[in-house]
Each structure stands twice: as structure tokens, then as C-alpha cells.
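The values are calculated or read from the model by the stated rules, or taken from the named source; none is laboratory data. Because the structure is predicted, anything quoted here is derived from the model rather than measured. Here the Cβ positions follow ideal geometry from the backbone for every residue, glycine too, while neighbour counts run over all protein chains shown.
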Amino acid sequence: MRHVGRIVTVVLVVFVLAVVWYARAGEAVVMRRVFTNAASIAEGTVWVRSDKGLFGGPVTAIASLSSDGAVVYAGTREDKIYVSSDGGSDWTPLGGSSSGHYVVGIEVDPRANGKVVGKAVYGAGFFLSEDGGQTWKNASRGLGSRSLSCLASPAGSPDTLFAGTGDAGLFISRDGGRLWSRTGRQALGDRIAVVDVSRDGRTVYTGTQETGLFVSRDGGDTWNAIVLPFGSQPMVTGIDIDPADELRLAVTATGGGIGLSKDGGRTWVTSRKGSLPSDCVAVEFLPGGARGFVLGTQSGALYFSADGLDWQLTFQLPDDGHVFGLARSGTGMLAATSHGVFSSGEGRAWSESSTGITNLTLAGLSASPVDADVLYAATGQGVFHSMDAGISWSRCSESNGIISVLVLQDGRTVLAGTSVGSVLCSVDGGDHWIAVSRGIPGVRVSILASRPTGSTMVYAGTDGGFAVSNDAGLTWEPRNTGVVATRPVESPTPRTEIAALLPDAATPGTVILSLLGQGLYITRDDGNHWKRLQSSMDTPWVDSLAVDEQTGRFYAGTDTKGVYVSQNGGTRWFRSSSGLSTILSVSGAVNTIAVAPDGIVYAGTQARGVAMSLDDGATWQRLNSGLPDLDIRCIIVGGGGVFAMTAHCVVRLQTQ
């Protein structure tokens, strides 16, 4: 027994040491290995970026931090930092790992030639870089919360920083962000929305979510309330001090438009009633002492005013757009929005300025069956197309939330499923579009598929069921007879959400679909009647389906059980996942499967990148060299090659 006890003790010690090693260094070692190819894959096989022109996506913070406005920093919703050296025309991503939360503020020490950069990240804290943003370290010591909401630093005193939080008040640092302490505990409360500070750091304005506007005229030591001209004390959403005259102050508040002061907040005038909406979130004086203001709203509008009293709408983002912030840059203005960065010379006309910012939400790819050079991508900002096999891309549709795309057999008809219950249809390769919503069940049209022949029959899978079009997407009919609706835990309404669907190339009219969390259904008459397919899988969660048209072999990607293969039309399935996962590196859901004409099968996983099989799915090999991200959303074989899509990037498989 004593011998057994020693063995158990040794095993436990080894286990604990292994856990400690993995926590400190092992995870990084494992991840470095995952981002490579299996040893058996030919040298020179690598994924290369193929997304030039797929620019845009949410930018949540922007700051121009040089005297001439040339150097600008932008932060995204996923804690990625970009820098521009030409005033925001072209952007370059900085390095460092991402916390996955959105950036609410950026400050740079002007004395360090751009080497010392600080960023406030909601849900993660304050981070400091001393190598120009290539690496970051957490510098949240003393911060009472990680729920940061704003960041400001006086231009003339960069060692001083003010960070607001949404639940623990305002904090100040006197040593460049290395140590923080709370200020204004009694006066300001816990919920800080916005902060701005004068050049010398003596005058600080803080807007709260509940008690209005406050000012400190001694660098943050003591605070006094300012009575705003909006009646009650509303939530203050934006503050700007005019750099040409720091007694001039502009403030936006919920429901109240804008308030202007020429004497540091002692007296106020307001914008004319009705000239602005009630959701103003940011305001800036024009740079260089120029006469005028720019204002942004939560609903994605940009306004200009010469005097702050009368306002005119100058730009409107598409539906669900949002302005996150404004910044002066040289003699012009920049806006951080849900659709990227926009620039304006005088605040009256705006243009996209996101070249290099690869933060689009990507959802799907489709290749033309007629022209190998033509590809289409579904993104959160519309449909993009490439005419040179993915080398470059440009937007070809309006900026709706596109979540699926399909090119029909004629090569000219393109369909795009949206997140607002419609399908966009183009019969000229994407030059012109019409929206069709009648007959489409649900809201999210996440899947579009067609027969592999020249038929105009098209299928749609949505969060409300299955639909069919007999005329290439111009009209639709829901067909869900036999599909059993489920009642999600978070919703009282039964749903028939389609996770995957697959037309059988060998049998026209036969379609297999995966009902989210409920297994497989089959129809043999284009959806007029469905019946549950009694499969032998160990899980009802099937996320992807594919077929080898040469052999008729079906493949199903699941949530946690890897890949299953069927050789008899889906009646019997065999698990076939050898090599997809390891103990220290699980694959997660198999989001997508594609079969090449030569029989090679590609699987895109949620957490372990791409795997390929040369033996009909019996074994899998890691194929990740060159991938920027391991969460693969889509793989297609077309356009003269193999393409994979992550959340924000398109890559092409290159072989030597």
C-alpha cells in the first residue's frame, strides 16, 4: 500500500507540474505548433493572404497624436490597433495579442516618438506598449474595474492619464499609466461616460451616465458640478475642449442635443430645437481655429454646423450604423464608425478612409462556375467581388449585413442572404441588385445553395426554416412540412433554424438539412415533404455538410464529435476524425467541409484551423501554415484554387 501511495503521489506531482507548465508556457508552445502543417504535407504548402480591398469593419476609437495630424491610431471592436502615417489614408496593423474586447481610448506619449502607446480596453483594462504597439503589457494596477469607458491625457503633460469606468468611477495616473488611483469618489459616482482635459492638465471635464457634467480646475483633485442647459442632469455622451480657445466647450447629452459654452461651462447656449436627433454621442470643434463643429450620432449620422446652433446632415451610415468617436487630424476630421474610418476636409463631405483595416465581418465565399477568376464574399458591409482570383476585392452591393452568397451556374446571377430577412438578387454579376423578402421565413438567411446542374432551383436555409425559389431567387416559397420546430431555452417562440443543407447532386430534388441541435432531415421532392433521417451519429449538432460528387460520399461536420462519413445517402454514418484533435488542442466545431475534384477533403474548424484528408476522411492532417487565425468560417474549392475564410480574412492555399 505504501508503494501504491508513492506512485499516486508521483502521478499527482507530475500532473500538477504539467498543469503549471501548460498555464505558463505550454499553451504558447502548443499554439505555435498548431499554426504549422503536418510533417507529411509537402514543403512550400502554405496559406497566403488574399484579401486586398476587404477593408473596413468597426473602429471604436481614433486618435490623432502628432502636431501635423499625420500620425493617427485606430482601435477596433476586437482590440486590434492600427496606425496611419498619412493622416488616415492608409493603415498598418500593430502587433501584440488581442484581449478580444473593444478599444475605448488611445493615447501616445509625444516625447517618445510614438514608442510609448497606451490603450483602454473595455472588459480588459489599461495596456501599455513601449515598442510602438508591437507588444503590450497590462498596466491596470490600482484600477478598480476593467470596464473602461474612456481615456484622456493632456498634450502638455503626457505622464498624466484619466481613465473612466462604467462601474467604479474615474481614475488618474501620474506616471504614464503604471499606477492608478481613484479620484472624485463622492462627487462623480461610479458610472463615467466621457472625459476630456486641457493641454496643461489642470482643467478636467467628466461626463457621467447619471449625474451630468463635472469639472476639476486643479488637475483632478477636487470636483464641482456644472449645471447643463438641458433641464435635468442627463447622461453626458461627448465632451470637447476647443484647442484654439480652451474656455470654449461643447457637450452632447442624451435627449438634449448639444450645449456650447464660451466661459468654461459657466454659461450655455444650446442647438436649435429639432435641428439634431436625440442620440448624439460625439462632438468636435474643427481644427486650427476654423469656424465650425462636427457631430456624430448613435444611429450613424454625421452633422456639421458653422455656429453650433443650426445643424445640417452631411453623411448617413447604412442601417445599424454607429459613430463611436471623432478626432481632429491636421486640417481635417476623422470619424470612427461601425463601418470603418471616414475622413472629411471641412466636416461637410465624408469619404471612406479604411485602406488596410481588415476588420470586416466575413461570412461566406462563392466562386463563379464560369470564370475561375471571379469570386464573391459575403461581409457585414455588403457583397464584395474579386475579378482576379482573390488578389484584390471591391464592394459591389449596398452595405447590408450579408451573411451568405451564391453564384448560380450561369456565372452572372448572384444571390446574397441578409440578416434582415431578405435575399439580394443580381442578374449582371453584382452591378445592380434587388431585394426580395416575400416568402422567406425567418430573419437570417445564412445558407444559400443550388443544384449543381443548370437548373434555376435555389434553396435557402434561415433561422425560420427552409425556402425554395424556382426562378433563380426572384420569388420564394417556404417549405417546412415535416420539419419539427424546437423551442430554444432563451426564447418562448418555436424555431426551425437550419444549420446546414446539402442538395444531392446525384438525385435532383433530394436535399439533406441539419436542423440546429435536432439532427438531419431529408426531402426527395424539393422540400414539399420532409422526414427525419435516422442517423447513427452520436450528436444531433451538425454544423456543415458536403458531398463528393465523384463517389457520392457524404461528409458531416459536428460540434464536438468531428467528422462523420456516409456512403449510402446519409442512412448510416461512421465517425472519421483521426487527426482532427489532440488532447491539448481540440478542434471545436467543424464549421465547413469542401471536397476538391481530385478527392481531397478540407475541413475548417472552430479552434484548430484547417485539416485535409487524402483518404476519404479516414485520417486528417493539419494544414495551418500561414493562417492568421484558427477559427475557419468557410472553405471553397473554386476560382482556380482552394480558399479559406476566417472572421476577418481570406486566404488562398499556395503549393510549390
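Look at the stretch 613-634 and say how many of its residues are assigned to a strand (DSSP E or B), in contact (Cβ under 8 Å) with a residue 60 or more places away in the chain and surrounded by 20 or more Cβ atoms within 10 Å (Cβ to Cβ). Before you say what the answer is, go through the steps one by one.
First, pick out the residues of the stretch 613-634 that are assigned to a strand (DSSP E or B): 613, 619, 621-623, 634.
Then drop every residue that is not in contact (Cβ under 8 Å) with a residue 60 or more places away in the chain, which leaves 621-623, 634.
Next, from what is left, pick out any that are surrounded by 20 or more Cβ atoms within 10 Å (Cβ to Cβ): 622-623, 634.
Count: 3.
Looking at Val374, Val341 in this structure, which one is out of contact with any Lys or Arg (no Cβ under 8 Å at 6 or more places or on another chain), under 30 Å from Asp240 (Cα atoms), buried (at least 19 other Cβ atoms within 10 Å of the Cβ) and not charged (D, E, K, R)? Give the steps one after another, and end with the answer.
Details: Val374 fails: under 30 Å from Asp240 (Cα atoms).
Just one listed residue meets the conditions, Val341.
So which residues in the stretch 538-564 are more than 33 Å from the chain's Cα centre (by Cα) and either on the phi < 0 side of the Ramachandran plot or at pLDDT below 90 (or both)?
Just the residues of the stretch 538-564 that are more than 33 Å from the chain's Cα centre (by Cα), to begin with: 549-553.
The answer is Glu549, Gln550, Thr551, Arg553.
Is there a residue in the stretch 178-188 that is surrounded by fewer than 20 Cβ atoms within 10 Å (Cβ to Cβ), in a strand (DSSP E or B) and not hydrophobic (A, V, I, L, M, F, W, C)?
Checking the stretch 178-188: at least one residue is surrounded by fewer than 20 Cβ atoms within 10 Å (Cβ to Cβ), in a strand (DSSP E or B) and not hydrophobic (A, V, I, L, M, F, W, C).
Tell me which residues, restricted to the stretch 579-594, are of a type in the set (Ser, Thr, Tyr) and either modelled with pLDDT under 85 or more than 20 Å from Ser535 (Cβ to Cβ) (or both).
Restricting attention to the stretch 579-594, the residues satisfying the condition of being of a type in the set (Ser, Thr, Tyr) are 581-582, 585, 587, 592.
Within the stretch 579-594, Ser581, Thr582, Ser585, Ser587 qualify.
Among the numbered conditions (1) in a loop (DSSP other than H, G, I, E, B); (2) at pLDDT 95 or above, tell me where Gln409 comes up short.
Among (1) in a loop (DSSP other than H, G, I, E, B); (2) at pLDDT 95 or above, Gln409 violates only (2).
I'm checking my understanding of the structure. Among residues of the stretch 494-508 that are among the small types (Gly, Ala, Ser) and surrounded by 15 or more Cβ atoms within 10 Å (Cβ to Cβ), which one is farthest from Val458 (Cα to Cα)?
So the residue we want is Ala499.
Is it true that some residue in the stretch 522-532 is within 22 Å of Ala603 (Cα to Cα), hydroxyl-bearing (Ser, Thr, Tyr) and buried (at least 19 other Cβ atoms within 10 Å of the Cβ)?
Looking for residues that are within 22 Å of Ala603 (Cα to Cα), hydroxyl-bearing (Ser, Thr, Tyr) and buried (at least 19 other Cβ atoms within 10 Å of the Cβ), one finds none in the stretch 522-532, hence no.
Could you identify the single residue in Ala61, Ala28 that is surrounded by fewer than 22 Cβ atoms within 10 Å (Cβ to Cβ) and either at pLDDT below 95 or part of a strand (DSSP E or B) (or both)? If you could, list the steps in order and put the result at the bottom.
Numbers: Ala61 fails: surrounded by fewer than 22 Cβ atoms within 10 Å (Cβ to Cβ).
Only one candidate qualifies: Ala28.
If you scan the stretch 79-96, which residues turn out to be more than 20 Å from the chain's Cα centre (by Cα) and buried (at least 20 other Cβ atoms within 10 Å of the Cβ)?
Residues satisfying the conditions are Ser84, Gly87, Gly88.
Just give me the residues in the stretch 125-167 being part of a loop (DSSP other than H, G, I, E, B), surrounded by 20 or more Cβ atoms within 10 Å (Cβ to Cβ) and hydrophobic (A, V, I, L, M, F, W, C), in sequence order.
Across the stretch 125-167, the qualifying residues are Trp136, Ala139, Leu143.
Among the numbered conditions (1) free of Cβ contacts under 8 Å to residues at least 60 places away in the same chain; (2) closer than 30 Å to Asn470 by Cα; (3) out of contact with any Gly (no Cβ under 6 Å at 6 or more places or on another chain), tell me where Ser536 comes up short.
Here Ser536 clears every test but (2).
With the checklist (1) part of a loop (DSSP other than H, G, I, E, B); (2) over 34 Å from the mean Cα position of the chain (by Cα); (3) crowded, with 17+ Cβ neighbours inside 10 Å in hand, flag the one item Lys273 doesn't pass.
(3)
Within the stretch 601-615, how many residues are more than 18 Å from Val34 (Cβ to Cβ) and in contact with a strand residue (DSSP E or B) (Cβ under 6 Å, 6 or more places away or on another chain)? Quick ask: steps written out before the conclusion?
Narrowing the stretch 601-615 to residues more than 18 Å from Val34 (Cβ to Cβ): 601, 614-615.
Applying the additional criterion that residues be in contact with a strand residue (DSSP E or B) (Cβ under 6 Å, 6 or more places away or on another chain) yields 601.
The qualifying residues number 1.
Give the stretch 599-655 a look and list any residue that's within 18 Å of Trp393 (Cα to Cα) and of a type in the set (Ser, Thr, Tyr), or say none.
Scanning the stretch 599-655 gives a single hit, Thr646.
The rows are residues; the columns are (1) of a type in the set (Ser, Thr, Tyr); (2) touching a Cys at 6+ places or on another chain (Cβ under 8 Å); (3) assigned to a loop (DSSP other than H, G, I, E, B).
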position: Tyr303; (1), (2), (3): yes, no, no
position: Gly308; (1), (2), (3): no, no, yes
position: Leu313; (1), (2), (3): no, no, no
position: Asp319; (1), (2), (3): no, no, yes
position: Phe324; (1), (2), (3): no, no, no
position: Ala327; (1), (2), (3): no, no, no
position: Ser343; (1), (2), (3): yes, no, no
position: Glu346; (1), (2), (3): no, no, yes
